[in-house]
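Enquirer: Let me begin by handing over the structure; questions about it come next.
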Amino acid sequence: MDPLVSVDWLFKQLNNPNLVILDVSLKTNVANIKIKYPNTQLKGARYFDLKNKFSNVDNQLPNTLPSPETFQNECRKLGINNDSLVVAYDNIGVYASPRVWWMFKMMGHKNIMILNGGLPLWLKKNYPVEPLQQHPLAIGDFLVKYNPKLQKSASQILENILKKESVVVDARSKKRFNGQIPETRKNLKSGHIPDSVNLPFLEVLDRGKFLPKEKIKAIFSKLELLNKPIIYTCGSGLTACILILAAELISEKTNYLYDGSWAEWGGLKGVPIHTLIEKD
């Protein structure tokens, strides 16, 4: 199943009784994209609280995956069932929705897609919206089938530095990757994981939509990433999922996420970190 759906496709599905539309919008974003419609949602949407309900709030690292039990219970509260057709969207185009798509994959739900272009493109078509609100929902029967193999730990990253079995791809900006600017979170070192490749997540997007598949494939080919096992990382495990989704648009190979990402690696003691040293 293609993980992307168009606004036209979703509009035609609005009367589908199994459809669940999730608003996964965040209040801020590292790309500093202006949120033009903070008080608007797709008609009938349910708010997926990524920061407070669908992250491990007991972990000092941001955005880490919640326990399977927590994920299952919170999904049921949103009225999500095992046969639900779930579509996630952002109010700035594409940003957090790939993270939610990845989370559902981790939890064994295959009928999960994201709305390419998100709320801005939906509004351009004059499709139905409403003010932000919560609708009364019946408890769902969503059942988790957790697949922990799709994520990697810091110890596995360390092992990979030695064995070089996978390529590590970093979705942060070039300057953050090179250690040329301070990290956005306090008390983190600057730089990147040794031997990792930089592919800023914005390079696979165009005005809030994914690039066409042939352009994404050309980007991955130029970086020699096709047909290689890849572990994706970013600042906190969120924008790396944009690259994972982009990769799955052009290949059927399995992709992995280092969920702790730089929020963890940049704060660890004794791990190797590389930077770009500018020469005069």
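The values are calculated or read from the model by the stated rules, or taken from the named source; none is laboratory data. Values in this document were obtained by computation on a predicted structure and should not be read as measured data. Positions of Cβ are generated from backbone atoms using ideal geometry, with glycine treated the same way; all protein chains shown enter the neighbour counts.
Enquirer: From Lys217, Lys189, which residue is touching a helix residue (DSSP H, G or I) at 6+ places or on another chain (Cβ under 8 Å) and surrounded by 14 or more Cβ atoms within 10 Å (Cβ to Cβ)?
Expert: That would be Lys217, the only listed residue that is touching a helix residue (DSSP H, G or I) at 6+ places or on another chain (Cβ under 8 Å) and surrounded by 14 or more Cβ atoms within 10 Å (Cβ to Cβ).
Enquirer: Since Asn116 meets every condition but one in (1) on the phi > 0 side of the Ramachandran plot; (2) touching a Lys or Arg at 6+ places or on another chain (Cβ under 7 Å); (3) of a type in the set (S, T, N, Q), which condition does it not meet?
Expert: Every listed condition holds for Asn116 apart from (1).
Enquirer: Something else about it: Mind checking which residues of the stretch 101-151 are farther than 23 Å from Ala240 by Cα, part of a loop (DSSP other than H, G, I, E, B) and touching a Leu at 6+ places or on another chain (Cβ under 8 Å)?
Expert: Matches in the stretch 101-151: Tyr127, Pro128, Leu137, Gly140.
Enquirer: Does Lys124 count as more than 23 Å from Glu264 (Cα to Cα), over 15 Å from the mean Cα position of the chain (by Cα), surrounded by fewer than 15 Cβ atoms within 10 Å (Cβ to Cβ) and at pLDDT 95 or above?
Expert: Yes, satisfied.
Enquirer: Out of all the residues in the stretch 24-60, which are crowded, with 17+ Cβ neighbours inside 10 Å and touching a helix residue (DSSP H, G or I) at 6+ places or on another chain (Cβ under 8 Å)?
Expert: Val24, Ser25, Thr40, Gln41, Leu42, Phe48, Leu50, Lys53, Phe54
Enquirer: If you don't mind, another one. Only helices (runs of 4 or more DSSP H) wholly contained in the stretch 177-280 count here; list those with 1 or more residues that are within 16 Å of the chain's Cα centre (by Cα).
Expert: Those helices (runs of 4 or more DSSP H) span 240-250, 261-265.
Enquirer: Could you list, in sequence order, all residues of the stretch 167-178 that are in contact (Cβ under 8 Å) with a residue 60 or more places away in the chain and surrounded by fewer than 18 Cβ atoms within 10 Å (Cβ to Cβ)?
Expert: Passing the criteria: only Val167.
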